[in-house]
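So the structure is just underneath, and the comments pick up after that.
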Amino acid sequence: MLNKWMTLTVITALSLTSLTGCTDNTKIKEAVELSLTKQKEMKSYSFDGSAALELSDAWMASPNPLTNGILGLFRECTINWKGASSAEPLQLETDINITPKGSTSPIAIPILIKDNKLYFNLPAINTSPDEYYAIDLQQMSQNSSSPLKLDNLKNTSELTTTLGTSMFQSIDPKWYSEAKEPVTLKDGTSARSITVDITDKNEKELNTSLQAKWPDMVSTLQNNGLLTAEKADKLKTMPSGLQVKAPGKLSVAIDDQGFIRDEVLDLQLSIPAADGKATDNKITLHQTYDGINQPPAFTKETPAHVKSFDDILKLLNKTKK
């Protein structure tokens, strides 16, 4: 429901659109696009989020038994996370809790990025909670095929901004709506709540527009080391790229500084697998940001008991069939 147009009929709204060329809907869309650009200015922040995943086997499978077991944790699960991040110097800490479908016991995965090293504990592999594996990000960055590069990690907000902008730009302004009243954030401040609902009425149009942006989105993933050139070229040439299905929604809350403080994605997605066939996936995600550009309250110390990531690589090689 829009602030100024909610009492007008659809015919009147369409007439005014043709006359003025700039409606409230257009301004709402512009506000979202500006907020996505504003996210690039986030140099430090705390975050809190959750997700529910129902992913296709085609995306969460590997010929390696150990890798397949780890990926299987994410196929149907709920995930909760909380932490803090800083870009300069690069530091991130988070505690991720994964609860596979049918389980009541979450799997805790603590992660720390500090002094150009990535530390993590995997209960399925590590022998104790205080034992961590470490990856030297400086050394890994010298590997041209590795996605774990310092620049990529530092530019995470730019990557998500570029992908988010591509998605939101593909949506016609008429599908945007703004809540009549502002929402209250956790710190007591207010924010504009803007939503795009995915319905039977706009599903086809949204997908037509999204298909036009699909090659650019794939290129963004490739440029950030998340796809090889071969895989990117294959995805770009597939007859059916990423598609959304009704019902679903995209929602953001924008504070008075222009930052996105709360975001919700409730999406049913059809994504092409390696063989080109469409796969059904469902993602529900909710994330909040606080303390933007304030000194982060980091609490994790550098682990004392550390093993080299090379040990995992050797283990993976041993379990290959």
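The values are calculated or read from the model by the stated rules, or taken from the named source; none is laboratory data. Note that the structure is predicted; figures quoted are calculated from it, not measured. FYI the Cβ positions are ideal-geometry reconstructions off the backbone, even for glycines, and counts take in every protein chain you see. Surface areas here come from the heavy atoms of the whole protein model, side chains and all, with no ligands, DNA or RNA. Shrake-Rupley method; radii C 1.70, N 1.55, O 1.52, S 1.80 Å.
Of the helices (runs of 4 or more DSSP H) entirely within segment 1-114, those holding at least 2 residues that are open to solvent by 70 Å² or more (accessible area, probe 1.4 Å) and at pLDDT 65 or above occupy 24-38. Restricting the first member to segment 27-51 and to residues that are closer than 23 Å to GLN91 by Cβ, and the second to residues that are of a type in the set (Asp, Glu) and open to solvent by 50 Å² or more (accessible area, probe 1.4 Å), the beta-carbon pairs closer than 7 Å and six or more apart or on different chains are LYS40/GLU158; LYS43/GLU88. When ASP275 is tested against the conditions (1) more than 30 Å from LYS43 (Cα to Cα); (2) at pLDDT 90 or above; (3) open to solvent by 30 Å² or more (accessible area, probe 1.4 Å), the lone failure is (2). Please enumerate the residues belonging to segment 172-187 that are open to solvent by 20 Å² or more (accessible area, probe 1.4 Å) and assigned to a strand (DSSP E or B). Hits for segment 172-187 are SER177, GLU178, VAL183, THR184. Counting only residues that are open to solvent by 30 Å² or more (accessible area, probe 1.4 Å), assigned to a helix (DSSP H, G or I) and not aliphatic (A, V, I, L, M), segment 220-250 holds 8 of them.
Taken as a whole, the condition of being at pLDDT below 80 and open to solvent by 70 Å² or more (accessible area, probe 1.4 Å) does not apply to SER157. Of all residues in segment 188-210, one or more are at pLDDT below 90, surrounded by 14 or more Cβ atoms within 10 Å (Cβ to Cβ) and not hydroxyl-bearing (Ser, Thr, Tyr).
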